[in-house]
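Take a look at the structure set out below.
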Amino acid sequence: MTRDRLRLRPFEERDLDAMAAYRGDAEVCRYLPFEPQTPDDIRGRIGQLFGRTSLEGERAGLILVIERVSDGRVVGDLVLFHLDPQAGSAEIGWVVSPAVAGQGLATEAVRALIDTAFGVYGLRRLTARIDAENARSLALAERVGMRREAHHVENAWFKGRWSDELVYALLSREWTPRA
């Protein structure tokens, strides 16, 4: 899927170094369920999703890179996973390089992912689970029109502290696709 400034495409082996450049940053990983990653860590964690375009089968999920159209640089990635086929629901997530923070690329990419989830995959409901201290991701979820549905107080021991988690959601009938 291509937009004015970015392209979403399935993750490929050649993207490992670019992904490790931002996923290897401790600040980027501060609210993510993993420590800074090397290419081998990434391969071990999500290698089964490389190149996937289908949500069918066991361990269903997609990982898409966010590629900047102007220079072909990979500046982030998006996931669509934990699919419940009977309910038509899935979880979405995002990781974006701090080098492009404040440029609106994350918002554009997540909107494109939502378009894809509802329009291409026919999903009915999307959720995003976000650490309550992750102000940037909370703001992004709200910018794209997701609504806050739950606040789980101290629900997980996470990176040395009890963490609160906010759950955001969006139904396909609430979404207006963008071209």
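The values are calculated or read from the model by the stated rules, or taken from the named source; none is laboratory data. Computed from a predicted model, the values in this text were never measured in an experiment. So basically every Cβ, Gly included, is an ideal-geometry build from the backbone, and we count neighbours across all protein chains shown. We work out accessible area using only protein heavy atoms, side chains counted, and drop any ligands, DNA or RNA first. Shrake-Rupley method; radii C 1.70, N 1.55, O 1.52, S 1.80 Å.
Results for (1) under 21 Å from Gly104 (Cα atoms); (2) of a type outside the set (A, V, I, L, M); (3) at pLDDT 90 or above; (4) surrounded by 13 or more Cβ atoms within 10 Å (Cβ to Cβ), shown as yes or no for each residue.
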| position | (1), (2), (3), (4) |
| --- | --- |
| Leu6 | yes, no, yes, yes |
| Cys29 | yes, yes, yes, yes |
| Glu56 | no, yes, no, no |
| Asp77 | yes, yes, yes, yes |
Next item on the list: May I ask you to list the residues in the stretch 31-54 that are assigned to a loop (DSSP other than H, G, I, E, B), open to solvent by 60 Å² or more (accessible area, probe 1.4 Å) and out of contact with any strand residue (DSSP E or B) (no Cβ under 6 Å at 6 or more places or on another chain)?
Entry: Pro33, Glu35, Thr38
Note to self: What's the number of the only condition in (1) at pLDDT 90 or above; (2) in contact with a strand residue (DSSP E or B) (Cβ under 9 Å, 6 or more places away or on another chain); (3) at positive phi; (4) open to solvent by 40 Å² or more (accessible area, probe 1.4 Å) that Arg73 fails to meet?
What the structure shows: (3)
Notebook entry, point to check: Does the stretch 123-138 contain at least one residue that is surrounded by fewer than 17 Cβ atoms within 10 Å (Cβ to Cβ) and of a type in the set (Val, Ile, Thr)?
Noted result: no
Notebook entry, point to check: If we only count strands (runs of 3 or more DSSP E) wholly inside the stretch 66-179, which ones have 1 or more residues that are of a type in the set (Gly, Ala, Ser) and more than 17 Å from the chain's Cα centre (by Cα)?
Noted result: 147-158, 161-171
Check: Looking only at the stretch 137-158, which residues are under 29 Å from Gln103 (Cα atoms) and either out of contact with any strand residue (DSSP E or B) (no Cβ under 9 Å at 6 or more places or on another chain) or not charged (D, E, K, R) (or both)?
Finding: Ser137, Leu138, Ala139, Leu140, Ala141, Arg143, Val144, Gly145, Met146, Ala150, His151
